[in-house]
Amino acid sequence: MKKSSEKLPSRKLRSLETRKKLLAAGREQFIESGFHKTTIAQIIKKANTGYGTAYVHFKGKDDLLMQLMEEVMDRFYEIAELPFKPQSKQEAYDIIEKQASLFLEMANEERSMMQVFEEAIRLSDDVNRKWKDTRERFIKRIAQDIAYSQAHGLARTDVDHHLVARGWFFANEMYLWEIVKNEYGFTVEEIAHNLTAVYTGGIYG
């Protein structure tokens, strides 16, 4: 007879598969019905799992959505983490414009899910806090890039890199939500170019 510890890997694997099924079902249901109208019961039914099993993984639909948000925003964060070691102001400009363009293109690509996030941020205190934490993560990373440019004589040193980072992220976030809501009349490339020109003109000019 096998010891129970020897069965743990297969149980863990089944648990991971169940979690994936719930997340996939949640994504599908949220996109189909929106955040407010989606219920955890609908997600459980779509995932073909039991209530008890589902609540082992998630406290409710807010918790499940926050996990989906984390997965999507990790893709955005990969853009923020692109290597930033410019040797000239022009190189800094090129990297920043590329990041801005990729960031906004990702918003367009993930529009359906981002629409759900936008609704949830307005309706759920937990999701709203999650978004604020996510925002601060991006701002911290941007501030590091600005500090690098300041330390290497590329950017102005008479400005606070934390404050500038907040301004840069909020400008991008504004256009992100306009893209998500389909309320913009310009291409992503045009938005990224103009945003970058204004931003770099101020800090690198």
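The values are calculated or read from the model by the stated rules, or taken from the named source; none is laboratory data. Everything numeric in this text was worked out from a predicted model, so none of it was measured. Neighbour counts are summed over all protein chains in view; Cβ atoms, including those assigned to glycine, are modelled from backbone coordinates with ideal geometry.
Considering (1) in contact with a helix residue (DSSP H, G or I) (Cβ under 8 Å, 6 or more places away or on another chain); (2) hydrophobic (A, V, I, L, M, F, W, C); (3) in a helix (DSSP H, G or I), the lone condition that Leu16 does not fulfil carries the number (1). Given the criteria more than 19 Å from Val180 (Cα to Cα) and at pLDDT 95 or above, does Lys98 qualify? Yes; evaluated as a whole, the condition is true for this residue.
When you scan the stretch 99-120, do you find a residue that is over 26 Å from Tyr184 (Cα atoms) and surrounded by 18 or more Cβ atoms within 10 Å (Cβ to Cβ), even just one? No; the residues of the stretch 99-120 include none that is over 26 Å from Tyr184 (Cα atoms) and surrounded by 18 or more Cβ atoms within 10 Å (Cβ to Cβ). If you filter the stretch 54-77 down to residues that are within 20 Å of Glu110 (Cα to Cα) and without any contact (Cβ under 8 Å) to a residue 40 or more places away in the chain, you find that the one that is surrounded by the most Cβ atoms within 10 Å (Cβ to Cβ) is Lys61. Might you check whether a residue that is of a type in the set (Phe, Trp, Tyr) and within 16 Å of the chain's Cα centre (by Cα) occurs anywhere in the stretch 69-76? Within the stretch 69-76, one or more residues are of a type in the set (Phe, Trp, Tyr) and within 16 Å of the chain's Cα centre (by Cα). If you go through the stretch 133-180 and keep only what is out of contact with any Leu (no Cβ under 7 Å at 6 or more places or on another chain), under 18 Å from Ile79 (Cβ atoms) and among the β-branched types (Val, Ile, Thr), you end up with Thr134, Ile139, Ile142, Ile146, Val180.
Restricting attention to the stretch 37-53, and to residues there that are surrounded by 14 or more Cβ atoms within 10 Å (Cβ to Cβ) and under 20 Å from Arg122 (Cβ atoms), which single residue is nearest to the chain's Cα centre (by Cα)? Among those residues, the one meeting the criterion is Thr38. Among the residues of the stretch 71-97, the one identified as in a loop (DSSP other than H, G, I, E, B) and acidic (Asp, Glu) is Glu81. From the list Lys140, Lys130, the one residue that fits, being under 20 Å from Gln67 (Cβ atoms) and under 18 Å from the mean Cα position of the chain (by Cα), is Lys130.
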